[in-house]
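Student: Pasting a structure below so you can have a look.
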Amino acid sequence: MREVTVFRDPDHRAIGDTIFVESLSRMRAPYGLNILDNCLTCPMREEQLFCNLPLAAMQRLNEIKSTAVYPKSAMLFIEGQQPRGVFVLCTGKAKLSTSSVEGRTVITKISEAGDVLGLSATISNRPYEVTAEMIEPGQANFITRDALLHFMREYGEVALRVAEQLSRNYHSAYEGIRTLGLTNSPSERFAKLLLGWSNAPGNHDPLQVKLTLTHEEIAEIIGTTRETVSRLFSQFKRKQIVQLRGAALIIRNKAALEKMVKP
């Protein structure tokens, strides 16, 4: 008999409904999600940090993780909070953000399925550097700090992958700082963001992007205002660079975007 926690209220960060079932892999949870309970049989396994590990490590991972389903706007952890462990995002998306004392917010990353959230803080035992908030319903598997450290000591492959992931996180943070610090034009930062989305792994059509963020959230990614983002959308549509079709953003002139981005 297995269990999964379903968080029904975004404000409930530590409690939820616990459901006991024989086979969660066949169960449909709230929010229209299929619960992915067994890492060994997960149909979404890819080359991610805790996906496609050796069989013994995968079996151990199944034993140390706990599964929870979260609604949109649920907080996984908050900036400044002492690290309890990591969250392995199985489905859905989460935004990672940091805020100043004046209330200004910058989104540092939009995390997708396979990402491990809170890794550097958990390893270093320092407060979470960012806030992780679900931007659409999804499932995350939680691993406590003690269990993760023991897991790394037990399996060298896991420790190596964690080191590689921390290195990628550093590179990503560097690129983000470089974009915000050295790119003066909001239009260039916006073009670079659109190109990054179109070239993202797993995006099957490089000329079409599913738009799940608000103008305010896009502004928090590229370091500008919501009004500027709305103006940039209007300009890009008027110049026939992009087209909005419902929740889909169609890139009509990718070459024009590439010209706007300085090497």
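The values are calculated or read from the model by the stated rules, or taken from the named source; none is laboratory data. Computed from a prediction, not measured in an experiment: that's the story for all the values here. Because the Cβ atoms are built from the backbone with ideal geometry, glycine has one as well, and the counts that use them run over all protein chains shown.
Student: Taking the condition outside any helix (DSSP H, G or I), outside the structural domain of A256 (by TED's automatic domain parsing) and either more than 16 Å from L89 (Cα to Cα) or not β-branched (V, I, T) (or both), does F142 pass?
Tutor: The answer is yes for F142.
Residue-by-condition table, conditions (1) outside any helix (DSSP H, G or I); (2) in contact with a helix residue (DSSP H, G or I) (Cβ under 9 Å, 6 or more places away or on another chain):
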site: L149; (1), (2): no, yes
site: V158; (1), (2): no, yes
site: E164; (1), (2): no, no
site: F190; (1), (2): no, yes
site: V209; (1), (2): yes, yes
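Student: Looking for something at pLDDT below 60, under 25 Å from E216 (Cα atoms) and touching a strand residue (DSSP E or B) at 6+ places or on another chain (Cβ under 7 Å) - is there at least one such residue anywhere in region 11-29?
Tutor: Checked region 11-29: at least one residue is at pLDDT below 60, under 25 Å from E216 (Cα atoms) and touching a strand residue (DSSP E or B) at 6+ places or on another chain (Cβ under 7 Å).
Student: So which strands (runs of 3 or more DSSP E) stay within region 49-107 end to end and still have 2 or more residues that are farther than 24 Å from S124 by Cα?
Tutor: 66-70
Student: Considering (1) buried (at least 22 other Cβ atoms within 10 Å of the Cβ); (2) over 19 Å from the mean Cα position of the chain (by Cα), say which one R60 fails and leave the rest.
Tutor: Among (1) buried (at least 22 other Cβ atoms within 10 Å of the Cβ); (2) over 19 Å from the mean Cα position of the chain (by Cα), the lone unmet condition for R60 is (1).
Student: For region 196-221: of the residues being among the β-branched types (V, I, T) and at pLDDT 90 or above, which is surrounded by the fewest Cβ atoms within 10 Å (Cβ to Cβ)?
Tutor: T214
Student: Regarding region 196-206, can at least one residue be identified that is under 17 Å from the mean Cα position of the chain (by Cα), part of a helix (DSSP H, G or I) and farther than 30 Å from I241 by Cβ?
Tutor: The answer is no; no qualifying residue exists.
Student: Just to verify a result, which residue in region 170-193, among those that are of a type in the set (S, T, N, Q) and buried (at least 16 other Cβ atoms within 10 Å of the Cβ), is modelled with the highest pLDDT?
Tutor: Filtering region 170-193 for residues that are of a type in the set (S, T, N, Q) and buried (at least 16 other Cβ atoms within 10 Å of the Cβ), the one modelled with the highest pLDDT comes out as S187.
Student: State whether the residues of region 238-247 include one that is buried (at least 17 other Cβ atoms within 10 Å of the Cβ), at pLDDT below 95, out of contact with any Ser or Thr (no Cβ under 9 Å at 6 or more places or on another chain) and not aliphatic (A, V, I, L, M).
Tutor: Scanning region 238-247, I find no residue that is buried (at least 17 other Cβ atoms within 10 Å of the Cβ), at pLDDT below 95, out of contact with any Ser or Thr (no Cβ under 9 Å at 6 or more places or on another chain) and not aliphatic (A, V, I, L, M), so the answer is no.
Student: Could you please let me know if A113 is assigned by TED's automatic domain parsing to the domain that holds Q59 and assigned to a helix (DSSP H, G or I)?
Tutor: So A113 does not fit the description; no.
Student: Based on this model, can you work out whether T91 counts as more than 20 Å from E164 (Cα to Cα), polar (S, T, N, Q) and buried (at least 19 other Cβ atoms within 10 Å of the Cβ)?
Tutor: Considered against the rule, which asks whether it is more than 20 Å from E164 (Cα to Cα), polar (S, T, N, Q) and buried (at least 19 other Cβ atoms within 10 Å of the Cβ), T91 comes out as yes.
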